[in-house]
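What follows draws every value from the coordinates through simple rules; no lab data is involved. Small disclaimer: the values here were computed from a predicted structure and weren't measured. Positions of Cβ are backbone-derived with ideal geometry, glycine not excepted, and every protein chain shown enters the neighbour counts.
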Amino acid sequence: MMKTTFALAAVGAASLFSLTSVVPADAAIKCQGRNMWNSAANAWIPQPYCEDKLIAYVSGYPFNGPNGVRQNPSVKAEACRYAGSDIRIRDLCAGNLPEDQGRNRR
C-alpha cells in the first residue's frame, strides 16, 4: 500500500512537471509608451524600465548594453539632451535638459 501511494505520487509529480514545462512562460515585459502591464493590478502602470525604453526609442539611442540608455546614466542624459524637447519624453528628461541646468538663462 505504501509503495503504491509513493508510486502514484511520483507519477503525479512527473506529469505535473511535464505539463508545466511544456507551456512556455510569458515573462516578457510588455510596454506601452511609458507604462508596463501589471497582471496583478490588471492595469498599465508607469515604470522606469518602460520610460527608459521610450527615451531610447524617441532619441534613437540603444536601449541595452554598456552604451545603452538603461545601463548607463550618462547615455540617458545624452539622449535627453539630444531629443528631450520632444513632447513624448520631455517630462522624463527633466533635469537633463540644458534649460534645467541653468544654461540659456538671461
(request) For segment 50-59, just list the computed ³J(HN,Hα) in residue order, Karplus coefficients 6.51, -1.76 and 1.60, θ = phi - 60°, integers in Hz, with x standing in for Gly and Pro. (result) 6, 5, 5, 5, 5, 4, 5, 5, 5, 7
(message) Could you check the spin-label model distance between residue 49 and residue 74? Points 7 Å from the Cα along Cα→Cβ, value in nm.
(response) 2.7
(request) State, as an integer percentage, the relative contact order of segment 29-106 based on alpha-carbon contacts under 8 Å between residues 6 or more apart. (result) 18
(request) Scan around residue 36 for amide H atoms under 5 Å from its own, H built in the peptide plane at 1.01 Å from N, and keep only partners 5 or more places away or cross-chain. (result) 45, 47
(message) Run the paramagnetic zone check for residue 87: 7 angstrom along Cα to Cβ, then residues of segment 59-77 with backbone nitrogen under 18 Å.
(response) 59
